[in-house]
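All of the numbers you see were taken from the coordinates with simple rules; none came from a lab. All values derive from a computational prediction rather than experimental measurement. Cβ sites come from the backbone with ideal geometry, for glycine too, and all protein chains shown count toward neighbours.
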Amino acid sequence: MMTPMSRSDSADQSSGGAARRRALRVKAVVFGLIGVINTAVDYSVFLLARAALQSSAAALSAIGALADVCRCGTTPTLTLVVANLISWTVAVSGSYILNSSITFAAESGRRLRWRAYATFVVAGIAGLLANTATLLLAAETFLLPVWLAKALAVLASFVVNFLLSHFVVFRPRRDPPSGPGAGAL
């Protein structure tokens, strides 16, 4: 049976909901600002890795051999994928450190933990898949310039990464983590 709510109870619940929404917006903005830093890292490393791969006969030969063996794309396509994987790997570690320390400080206790890092990386793979799929779709299907395709890819991964970080990786914990893998980095 439902009990009637007084106006003050209703206002308290409403203001609590507003505070939670405001806190979520602030987290999204901070996550976005950290994302700007990580985007600069990701984008810079991507461009450097792509240039390095394209200028290396050995790298192009290895990527071409991989393309032949797996029949999973052309050398230019796999060069984009490899450069994207390199840049993502560098950026995900910085993202975990900054988001643990700033965006989700209350949830993480500003402590870096191996288990949380592993969860962050696994959740980040969904963002990586969204990023790579968007990159390839934009660059190869819609024939957009690579710089624009990468920018769209970053936007797609932002949405996926924030939602997974908020609802999975850094969700409020009732008990402090303990046991193997819960130690600080």
Problem set entry | Charge dipole (the chain, unit charges on Cβ, about Cα centre) - positive-most of Ala62, Leu144, Ser93 | Ser93
Seminar exercise, completed: Listing Tyr117, Tyr96 by rising number of other beta-carbon atoms within 10 angstrom, fewest first, gives Tyr117, Tyr96
For this session: For helix 146-164, report the angle its Cα long axis makes with the longest principal axis of the Cα atoms of the chain; keep it between 0 and 90° and round to the nearest 10°.
Result: 30
Exercise. Taking other Cβ within 10 Å of each residue's Cβ, how do Val26, Val69 sort, fewest first?
Worked result: Val69, Val26
Seminar exercise, completed: Unit-weight point scatterers at every alpha-carbon of the chain, Debye formula, q = 0.11, 0.13, 0.14 1/Å: log10 I(q)/I(0) is -0.60, -0.77, -0.85
Problem set entry | Fewest-first ranking of Asp42, Asp68, using other Cβ atoms within 10 Å as the exposure measure | Asp68, Asp42
Seminar exercise, completed: Mean 1/r over distinct Cα pairs of region 21-120, inverted to a Kirkwood Rh in Å, yields 15.4
Seminar exercise, completed: Taking the square root of 5λ for each eigenvalue of the C-alpha gyration tensor of region 79-171, the equivalent ellipsoid has semi-axes, largest first and in whole angstrom, of 27, 12, 10
For this session: For n ≥ 4 DSSP H runs only, could you compute -39500 (n - 2.57) per run for the chain, divide by its residues and tell me the 222 nm figure to the nearest 500?
Result: -25000 deg cm²/dmol
Exercise. Which value, in debye to the nearest 20, describes the size of the charge dipole of the chain about its Cα centre when Lys and Arg Cβ atoms bear +1, Asp and Glu Cβ atoms bear -1, and nothing else is charged?
Worked result: 600
